[in-house]
Structures are given as structure tokens and as C-alpha cells.
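Participant: Mind looking over this structure? Questions follow.
The values are calculated or read from the model by the stated rules, or taken from the named source; none is laboratory data. None of these values were measured; they are calculated from a predicted model. Positions of Cβ are backbone-derived with ideal geometry, glycine not excepted, and every protein chain shown enters the neighbour counts. These area figures cover heavy atoms from the full protein model, side chains too; ligands, DNA and RNA do not enter into them. Shrake-Rupley method; radii C 1.70, N 1.55, O 1.52, S 1.80 Å.
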Amino acid sequence: MKKLALLFVFCLSGIFLRAQVTIEHVEPPFWWTGMQQPVVQVMVHGKNVGKTQVSVSAPGVKLVKSQSPGSDYVFLDLEISKEAKPVTVIIEFKDENTTVARWNYELKARENGSSQRKSFTTADNFYLIMPDRFANGDAGNDDMPGMLEKADRNNPNGRHGGDIKGITDHLDYLQQLGITALWCTPLLENNMPAYSYHGYAITNLYKIDPRFGTNESYREMIAEAHRKGIKVVMDMVFNHFGTGHWWMNDLPQKDWVNQWPEFTRSNYRAAVVTDPYASDNDMKKMADGWFDVTMADFNQKNNFVANYLIQNSIWWVEYAGLDGIRQDTYPYSDKDFMALWMKRLREEYPNFNVVGENWLNTPAQLAYWMDQTGSRDGYRSYLTNVFDFPLMFAIQKAFNENEGWDTGLTRLYDMLTMDVVYPDPSDMIIFADNHDIERMYPVQKSIENMKMAIAFLCTTRGMPLFYYGTEALSDRGSLEGDAGKRKDFPGGWEGDKVNIFTGEGISKDQKEVYNYMKTLLNWRKGSETVQKGKLTHFIPEDGIYVYFRTLGNDQVMVLLNNNKKDKKVETDRFSEKLGGYKRGIDAVTGATVRKLDKIEVEGKSARIIELSK
Ligand code: CA
């Protein structure tokens, strides 16, 4: 009786007298022991939680700081000692010595060697998938309760139902194609009313969108990819988040996002960030302007935001077992924060690589973002890899125009002569198209040009990336804008008449390009010389561009013939590289090349020869 009465009083005080506290969000949702950096900052959100006094109890875990920027948030800095064992940390929230809420926070054990995890290298062949448009492995998740946008395959800008299961089911296909690294556009929740398929308006940074799958199914996809020798790179977005995020109803702090008196767009001029003559006004608009009305701009100068994002990236690396990160709209974020992020990430994972989407048109602008460039303003990015946008623009033109002093293949040659500005040009991911750029086939216009471009990507310096569908000549059909670059992969939906996965219903041209790419990617997988070899190229003459990759005594020779006519290429000019080599093997056909003094190259084609003595 006495006990009951006491409980009654306690309840009464909890409900009526004390501030009512309900915990709604705790992020990161859990953490690990044995990390390089001992402190994790946990964000707790819930009505009145910021008004409570917080204590934690667990062996080896200390609450070193508790900060409440507002009544509904508290940020807890937990210091985890080196000796701490995996444990459930009990977090108590008190109001005048009475416990008003409690949370069990889990510290898990790390997987073995996770700090030393490897990342992608120049040995990798990349493939980019837009998951909503690749394969619908589970029609049951196309529409999910609570998710605003429903699937509608008739809407070119709507959701089409592709998902994680669709990717997992076709990892064999990618493996056979010769792919060793996979980048998927963002898979995190985008609970937005429209255009949610592309994934760049994230509304929960710790949750896979239920229309794609679950956190666990993402982790399983990666484990399965690893079993097939395929690495996985996660697409992250630190510049902005979707306005459908729960934060927008109750921001942790007013300056959690960059605020403007009225909606202000970024000027999208990424070059402003590296420009020594840039105005403050242009710079502010570039970095603090919003990417879109639906994309709130993170203020990374706010330390809580900075910690949140840094930890979010580490959480996914650790949880999912990532092999790399692709970071979206890199120059739109605060550049000092980005350097801090990269530094912290590399302290946690010294061998880990991140490729930045630094969309800049010239090598000088792009090089600024690569670690160790040594720019005059002293900026050090710590960023390991970038996409080679300047070379992409050259590839779009090189095979499509008449040869001239500075046109045709000379565009490729000229672009590579500028590699002097990069600390290591082989750290670049090279590509001819992606989800934002016109597809390769409509740009290249013929299968001959396609094959030359593919050959170039597979043999020059850097790591080649191919966009889903390129292998089978995907085009835009009658669709305009982004929709035309992001068509459904034929074969990914039940009832598709053309199926690229099985080869069913594909045309002769599609088959030819598919086989060519498959042959070259698989060859590249086995050729250390082309992955790592020193590049030597010769000035293009007469529509012929010749280059070599050299590793020790091994050498690969590449000849690109941009002429419509077949050519017999006299090789005297290349004797400094050819000296001592007597024959070779054609990497595509496997045929022996018996004579090297004159080499035949068909019109509009590439010849790749592994030389031997
Ligand atoms: Ca689905």
C-alpha cells in the first residue's frame, strides 16, 4: 500500500509537476568502443530535454560536456576510455533530482582492423548507379507508409521503384562486366513530396529510405559486394539536406542552416572559392546560398553541425563497412570545415579515400581541391581524390570533330599536359558521363566513337567510371532534361522486353559495345601496368594519338586512330619506348602482333597492345 502510494506521488510529479520529457531522436543512434577519437557528441532531441540535468553511467564512459542550445535539444560529449568494453550506457535525464527520462545508448565492439580498412585504388573500375532507375528487386517496397511520394513509372521525374535488392541481385552482372567499385547515388531517406528519386534531399542522415530497403539490407548489399570483389562507395551530401527533415520543425539552433532574409540561391560558381580576386558577396552566395528551395543549406561553421556531419560519415563507414565516400557539391560547403572533416576522417581511417564532386572546368581550379597541391593561399584540403571534369569535357569533343591543331585527339593530349598542376593525377576518377551530364552515346553519336572513348578511359591515367546503361548504349530517347539522363535500366523491371542483364532483345550495336567494354574492363582488372604504369604520350599527328603505360619491364602501347580510314602507323617516332620490344598481344582480340615497325589501326578505332620482348 505504501509502495503504491509512493509510486503514485512519483507519477504525479512526473506528469504534472515536472517538465514532461519525451525523447524523440538520439543521433548517432549508437557508437563504438576503441575508436581513434575518444569523444562522441550525441544529439538528443525531445520536448524539454534541454531543460534537464543529464548524467551517464557505464564503466569507462564519462560525460565530459552537456550543452543545451535550446529547450528541446541537448548535446552530450561522451568520452570513451581506451579500456572501455562494449556496453549499454544508461543516460538519465533529471529534473530537480527526479528522473524524467532514460535512454540506453549502446557502445558496440568494432570489427577487426576497421581503422586500417582499405579503400579504392587505381586498380578499380567504377560503376555509377542511380538506384531508383536500376532494378526493382522488391515491388513490395515501391510505396511505403509514411513516405510522401508514391511510385509512378509513367512520370519521368517520379519514383520508379528501383531498390537495394535490385542492386544486390545483379552484383554478378557487375562482376562479370569487370566492375570492382560501385557508387550509388544517395540511398538515405528523402521524404520529399516530389523528385525524391534522386536522393539528394536527405531527410534522415541515419536511415536508408524504406523504398530502397533498410540499413541492414544496405549493409548486406555491401557484404555481398565484397564477397564478389566489388568495393562500395557511399554518396554523402554535407552541403544541404531536404527541407522535409524533422529538424525544420524545430531547428537545434537558428544557425543550424544558413539563414537569409529571403530565399537566396547559390550562384553555383564553384570557381569563386579558389579565385584570388573573389568578392565577399560572391563568396557568401556561393557557399551560404541554398542549392534549391527544397534543400536547406547546412551551416558547417556551427561546431555542432560540424561534429554531427563528421560523426555521421564515420558512423556509416564503420556500420556499413564502406570502401570510400563520394562527397556531393564539394565547393558549396565551407571549405575549412571540409578540410577538418577530411582530416578527422583520415585520422580515424588513414587509408580511406574520398572523391569530391568538385565540378570545375579547368585543371588549375580542380587541383586546388586536391590534398598537397600547395596553393598560394595556403589551403590544405586533405581531400584524396576528385572527379576529372576537365578531361570529361575533352572526351565529349575529342572523337566527334575534325582533327586540327587544337581539336580532335589533341584535346586529350592538351588536357593531360596540364597534369603538372596535380599532386598525383592518377588519383582522379575519369569519366565521360554521369547522372548530371548528357549520356555518352548521344554525345559520342556512334559506336566507333563510344569504343574509342571507352578504350581511352580504360588505358589513360586515373580510375575509369562508367554510368549505368553506358555499356548498352542508353540514350535519352524522347525525354528532356535530367529524366533523359536517368532512364530505367532495361531489364530492371518485370516485363521489360529488352533485358541487358540477360542480353535478351538487345541490338547488335548494344551487344558489340557491351562486349567491348566487358573485355577491356576485365583486361584492365588484370593489368597492373595499365593500372599503375607511368604514362608517356606523343603529340598527336595525322589523327593518331599514341601513348604508353610502363611498369618495370612491362609496357602497354595504345594507338587511337581518329581518321575514318585505316592507318598503317610508322613507329620510328616512338622508338624511345619501343626499343627492345619485338611483338605484342592485342588486349581486345588476344591476337599476336608480330611486327612493331608498322602497326595497323582501323579507322575510328583504338588498338591496345601488351608489348613483349
Ligand atoms: Ca522497389
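Participant: Let me know the shape class of segment 48-161, please: from the alpha-carbon gyration tensor, a ≥ b ≥ c as square roots of the eigenvalues, rounded when a/c is under 1.5, otherwise prolate if a/b is greater than b/c, or oblate.
Facilitator: Here segment 48-161 falls in the oblate category.
Participant: Express in nm, to one decimal, how much length is gained between residue 262 and residue 446 on full extension, taking 0.36 nm for each residue of separation and deducting their alpha carbon distance.
Facilitator: 61.5 nm
Participant: What FRET efficiency, computed as 1/(1 + (r/R0)^6) with R0 = 45 Å and r the Cβ-Cβ distance, is obtained for residue 37 and residue 494, rounded to the nearest 0.05?
Facilitator: Efficiency, rounded to the nearest 0.05: 0.45.
Participant: Can you tell me how segment 84-236 classifies by the Cα gyration tensor, rounded, prolate or oblate, using a/c under 1.5 as the rounded cut?
Facilitator: Here segment 84-236 falls in the oblate category.
Participant: Follow-up question, since we're still on this one. Take every Cα pair under 8 Å in segment 354-429 that's 6+ residues apart, average their separations, divide by the length, and report that relative contact order as a whole percent.
Facilitator: Result for segment 354-429 is 33 percent.
Participant: Heavy atoms only, probe 1.4 Å: what % of the accessible area of the chain goes to carbon and sulfur, would you let me know?
Facilitator: Numbers: 12790 of 25560 Å².
Ligands and nucleic acids excluded, carbon and sulfur reach 50 percent.
Participant: For segment 538-544, take each phi angle, set θ = phi - 60°, evaluate the Karplus expression 6.51 cos²θ - 1.76 cosθ + 1.60, and give the result in whole Hz per residue in order, putting x for glycine and proline.
Facilitator: Karplus values, whole Hz, x for Gly and Pro: 10, 3, x, 9, 6, x, 10.
Participant: What accessible area, in Å² to the nearest ten, does a 1.4 Å probe give for residue 198?
Facilitator: Answer for residue 198: close to 30 Å² accessible.
Participant: Let me ask something additional. If you rank 263, 304 by how much accessible surface each has, with a 1.4 Å probe, what is the order from largest down?
Facilitator: Heavy-atom accessible area, descending, gives 263, 304.
Participant: Shifting gears a bit: Angle check, please: helix 447-459 long axis (alpha carbons) against the longest principal axis of the chain (alpha carbons), in degrees 0 to 90, nearest 10.
Facilitator: Taking Cα atoms only, the helix is inclined about 70 degrees.
Participant: Could you order 142, 297 by accessible surface area, starting with the largest, using a probe radius of 1.4 Å?
Facilitator: Per-residue accessible area, sorted high to low, gives 142, 297.
Participant: Rolling a 1.4 angstrom probe over the protein chains, ignoring ligands and nucleic acids, what is the accessible area of residue 207 in square angstrom, nearest 10?
Facilitator: Result for residue 207: roughly 80 Å² accessible.
Participant: If R₀ is 41 angstrom, what is the calculated FRET efficiency for the pair residue 246 and residue 176, using the beta carbon separation as r and rounding to 0.05?
Facilitator: Numbers: r = 42 Å, r/R0 = 1.03.
In this case the efficiency is close to 0.45.
Participant: Another question about this same structure. Quick check: residue separation of residue 568 and residue 278 times 0.36 nm, minus the Cα distance between them. What number comes out in nm? Before the final figure, lay out each step's value.
Facilitator: On the way: separation 290, 0.36 × 290 = 104.40 nm, distance 5.16 nm.
Between residue 568 and residue 278, full extension yields an extra 99.2 nm.
Participant: Which distance in nm do the two modelled labels at residue 226 and residue 110 give, with both placed 7 Å along the Cα-to-Cβ direction?
Facilitator: A separation of 1.4 nm, rounded to one decimal place.
Participant: Which percentage, to the nearest 5, of the DSSP beta bridges contained in the chain is antiparallel?
Facilitator: 70
Participant: If you average the alpha carbon positions of segment 481-532 and of segment 319-361, how far apart do those two centres end up, in angstrom?
Facilitator: Going from one Cα centre to the other spans 29 Å.
Participant: What's the tally of Lys pairs in segment 531-612 whose alpha-carbon atoms lie under 12 angstrom apart, where the two lysines are 8 or more places apart or on different chains?
Facilitator: 9
Participant: Among the lysines in segment 21-110, how many pairs, 8 or more places apart or on different chains, have alpha carbons under 30 Å apart?
Facilitator: The number of close lysine pairs in segment 21-110 is 21.
Participant: I've got another one for you. So how much slack lies between residue 528 and residue 362, counting 0.36 nm per residue of separation and subtracting their Cα-Cα distance, in nm? Could the numbers behind the result be given before it?
Facilitator: Working: separation 166, 0.36 × 166 = 59.76 nm, distance 2.90 nm.
My answer for the length gained is 56.9 nm.
Participant: Let me ask something additional. Using a Förster distance of 35 Å, how high is the FRET efficiency between residue 23 and residue 502, based on the Cβ-Cβ distance and rounded to 0.05?
Facilitator: Here the calculated transfer efficiency is 0.10.
Participant: So how exposed is residue 359, as accessible area in Å² (1.4 Å probe, rounded to 10)?
Facilitator: Ignoring ligands and nucleic acids, residue 359 comes out at about 90 Å².
Participant: Quick check: Cα centre of segment 67-112 to Cα centre of segment 163-196, how many Å?
Facilitator: About 35 Å separates the Cα centre of segment 67-112 from the one of segment 163-196.
Participant: Could you work out the helix-only [θ] at 222 nm for the chain, with each DSSP H run of four or more residues adding -39,500 (n - 2.57) and the total divided by the number of residues, to the nearest 500 deg cm²/dmol?
Facilitator: -7000 deg cm²/dmol
Participant: Rg and Dmax of segment 531-612, Cα atoms, in Å?
Facilitator: 11.8, 35
Participant: For segment 247-399, how many pairs of lysine residues have a Cα-Cα distance under 22 Å, where the two are 8 or more positions apart or belong to different chains?
Facilitator: 11
Participant: A further question follows. Per residue, how much accessible area does the chain show when a 1.4 Å probe rolls over the protein heavy atoms, in square angstrom?
Facilitator: 42
Participant: For the pair residue 379/residue 65, report the inter-label distance in nm, with labels modelled 7 Å from Cα in the Cβ direction.
Facilitator: Result for the modelled spin labels: 2.7 nm.
Participant: Leaving ligands, DNA and RNA out of it, rank 105, 382, 277 by accessible area with a 1.4 Å probe, largest first.
Facilitator: 277, 382, 105
Participant: Using the Cα gyration tensor of the chain, with a ≥ b ≥ c the square roots of its eigenvalues, what is the shape: rounded (a/c below 1.5), prolate (a/b larger than b/c) or oblate (neither)?
Facilitator: Taking the square roots of the gyration eigenvalues as a ≥ b ≥ c, the chain is prolate.
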